[in-house]
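Coordinate-derived values only; no laboratory data. In this text the structure is predicted, and so the values were computed from the model without any measurement. Note that we place each Cβ from the backbone using ideal geometry, even for glycine, and neighbour counts take in every protein chain shown.
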Amino acid sequence: MFDYSIYKDLLVENDNGVVTVTLNAPENLNAFTGGMHLAMSKIWSDLHDDPAVDVIVLTGAGRAFSAGGNVVEMQKKIDDPKLFDEIVPEAKRIIFRMLECDKPIIARVNGHAVGLGATVALFCDIIIAAEGAKIGDPHVGAGLVAGDGGAVIWPQLIGFARAKEYLFTGDLMSATEAERIGLINHVVPLDELDDKVYSLARRLAAGASKSIRWTKQVTNIPLRQLAHSMMDLSISVETQSNLTADHQEAVSAFTNKRKPDFSGG
């Protein structure tokens, strides 16, 4: 038996093989705390190994999928850069383990998915979003490199030109636009989201499980190779950007509810 209660920042529920993993910090729009980051780096191995799991649905509690980075945690890493070094292995494991997990993963994007929140949503196998959700990777707006996997996955889904525009500007897009350009699979009204997500999840759970899992493994080979070739440098330059004046300015501006004034430092 697998004990998912050890993942304190996640809720895990199994309904006849369809397992829902919920990012569970609704008071902070499911922004990633240290505990949530650690949990997300480990849970995919358990889900991969658990014979009671057929399909995984990843979602967020409350009105957001995930706001991504936690500003309080950012300031801690600026004050003590060793804290950033400590999460480097976790950051890589989140991406690698999601790609290695052979169970189909459906992102139920119930609200905004931003930064790392967008990254983990886009590394799911199928992404279904509510109409009101917005998706984007504003790492640059925080004076950081999009090194947690965004630079890996965005170009694969929408091409280099579009991906670079969104990664360079940090602009958010509507779920409707995300569907139109192929970033996500489907967008539906919020009150139809569960039906869309769980009808597909149940269909996959009732399918030829070995064939589906092996198809995922084969399809993910290029993505796994790409992630392994890019993530070391991606995380390295994001770690360096943690030490820049622009990152401190972005965190200070957010804390003081003002627009950042970047200097390029």
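Simple rule: put +1 on each Lys or Arg Cβ and -1 on each Asp or Glu Cβ in the chain, find the dipole, and look at Cys124, Pro26, Phe160; the Cα lying farthest toward the positive end is Phe160.
For the set Lys103/Lys257; Lys42/Lys82; Lys134/Lys210, the pairs lying more than 30 angstrom apart at their alpha carbons are Lys103/Lys257; Lys134/Lys210. Helix 82-100 and the longest principal axis of the C-alpha atoms of the chain enclose an angle of approximately 30°.
Rounded to the nearest 5, the antiparallel percentage of DSSP beta bridges internal to the chain is 30%.
Within the stretch 183-265, report the trypsin sites (Lys or Arg not before Pro) that DSSP leaves as loop and that have at most 15 other Cβ atoms within 10 Å. Please list the in-between numbers first.
Details: sites: Lys196, Arg202, Arg203, Lys210, Arg213, Lys216, Arg224, Lys257, Arg258; in loops: Lys257, Arg258.
Counting only loop positions with at most 15 other Cβ atoms within 10 Å, the trypsin sites (Lys or Arg not before Pro) in the stretch 183-265 are Lys257, Arg258.
Computed packing ranks the peptides 149-158, 164-173 as 149-158, 164-173, most packed first, by mean other Cβ atoms within 10 Å.
For Asp232 and Asp191, a Förster radius of 30 Å and the Cβ-Cβ distance give a FRET efficiency of 0.10, rounded to the nearest 0.05. Inter-label distance, Glu27 to Thr169: 3.6 nm, where each label sits 7 Å from its Cα along the C-beta direction.
Given Cα pairs under 8 Å that are at least 6 residues apart, what percent is the relative contact order of the stretch 3-150?
Averaging sequence separation for qualifying contacts and normalising by length gives 23 percent for the stretch 3-150.
Of (1) 17.7, 56; (2) 19.6, 63; (3) 17.3, 48, which one was derived for Rg and Dmax of the Cα atoms in Å from the structure shown? Step by step, Rg and Dmax of the Cα atoms in Å for this structure corresponds to label (1). Under 17 Å of direct C-alpha separation, and excluding same-chain neighbours fewer than eight residues apart, Lys77 reaches no lysines at all.
Calculate the dipole size of the stretch 1-141 relative to its Cα centre from +1 charges on Lys and Arg beta carbons and -1 charges on Asp and Glu beta carbons; express the result in debye to the nearest 20. Mind dumping the intermediate values first?
Working: 12 positive and 20 negative charges, 76 e Å.
Computed charge dipole of the stretch 1-141: roughly 360 debye.
Rounded to the nearest 20 debye, the dipole size of the stretch 83-129 about its Cα centre is 160 debye, using +1 on the Cβ of Lys and Arg and -1 on the Cβ of Asp and Glu.
Dividing the summed helix terms, -39500 (n - 2.57) for each DSSP H run of n ≥ 4, by the number of residues in the chain produces a 222 nm estimate of -15500 deg cm²/dmol to the nearest 500.
Among Thr20, Thr119, which comes first, then next, by fewest other beta-carbon atoms within 10 Å?
Details: Thr20 19, Thr119 27.
Least to most surrounded, the residues fall as Thr20, Thr119.
Averaging Cα coordinates gives a centre for the stretch 162-194 and one for the stretch 28-83; these two points are 21 Å apart.
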